[in-house]
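Remarks on the structure that follows.
Each value in this text was obtained by applying a stated rule to the coordinates, not by laboratory testing. The structure displayed is predicted, hence computed values, not measured ones. Positions of Cβ are backbone-derived with ideal geometry, glycine not excepted, and every protein chain shown enters the neighbour counts.
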Amino acid sequence: MYGIANSNTVVETVLRKIYSGEENNMAYNKVVIAGINTSELTVLKENEKMELLREFKETGSKTAKDKLIKGNLRLVLSVIQKFTGRGEDIDDLFQIGVVGLIKAINNFDLTKDVRFSTYCVPMISGELRRHLRDYSQIKVSRSLRDLAYKAIQAKEKLLISLQREPDIEEIAREIGVKRSEAVIALESISDPVSLYEPVYSDSGDTVYIMDQIGDKNDVDSWMDEFLIRDAIKALGSREKSILSLRFLQGKTQVEVAREIGISQAQVSRLEKGAIARIKNSI
């Protein structure tokens, strides 16, 4: 059986053996990813996967495991598409994805009523996220990073025991923290996304992430301004004049009093009364 401690070494060895002339006499032309001609990859049917998994679990057959790896490489290719565009070499991503595939093969429980591909995808994704987390240029605190690492370990442990992807409540319970703490920890190591990354495109009209982000403060500010303007309309002409001189032109109460011919005390009283009326109306 192949180990999984040293990802690059293991994957390179597995791929080399599977696609070398020692395993078969097929000659491969120039390849696309990790020395593999991806156009010639085969895909196993679900019943074929289960038969090979059963053979591997019962006999430890290396041949069965090699066939499982080879027959699921297209799945790895599919998963890594979500992780491209981050400056990572696609060959590296592919090899790391295969490590996740090997882990899925080693840990899959035949007694659970779940499809292998359903179980396999989060295992591959988890391995890729771990790599991106470990080599991320965005730094977070050591304590938060450690908590995130515990959360990922707990997620993988639950994935194996439950044979499905656990929710955040289950992960938080497993590591003994509040749900919010688990969310913050996992978010701290999630991959950054550009605001200009498209999320939908139809007939040339593209919707970007920034188009779907709202700023509650902007909405509140706009509503406050709208309501205040409406309230000012209900004020008397003298109150409007005082507010304009005070807040538009920036004059002091003494200067306002001199300009409109009343005392500073009257200006103060009228100003306070006008502001109170505006507050009450909104």
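Side notes on the structure shown:
- Distance between modelled label sites at residue 134 and residue 183, nm, 7 Å Cα→Cβ extension: 2.9 nm
- Overall Cα dimensions of the stretch 227-269 - principal axes, largest extent first, Å: 29, 18, 13
- The calculated FRET efficiency for residue 227 paired with residue 149, based on their beta-carbon distance and R0 = 51 Å, is about 0.55.
- Stretchable slack from residue 50 to residue 81, in nm (0.36 nm times residue separation minus alpha-carbon distance): 8.6 nm
- Each label was represented as a point 7 Å from its Cα along the Cα-to-Cβ direction; for residue 275 and residue 88 these points are 5.6 nm apart.
- Point-charge dipole on Cβ atoms (K/R +1, D/E -1) for the stretch 73-122, about Cα centre, debye to 20: 200 debye
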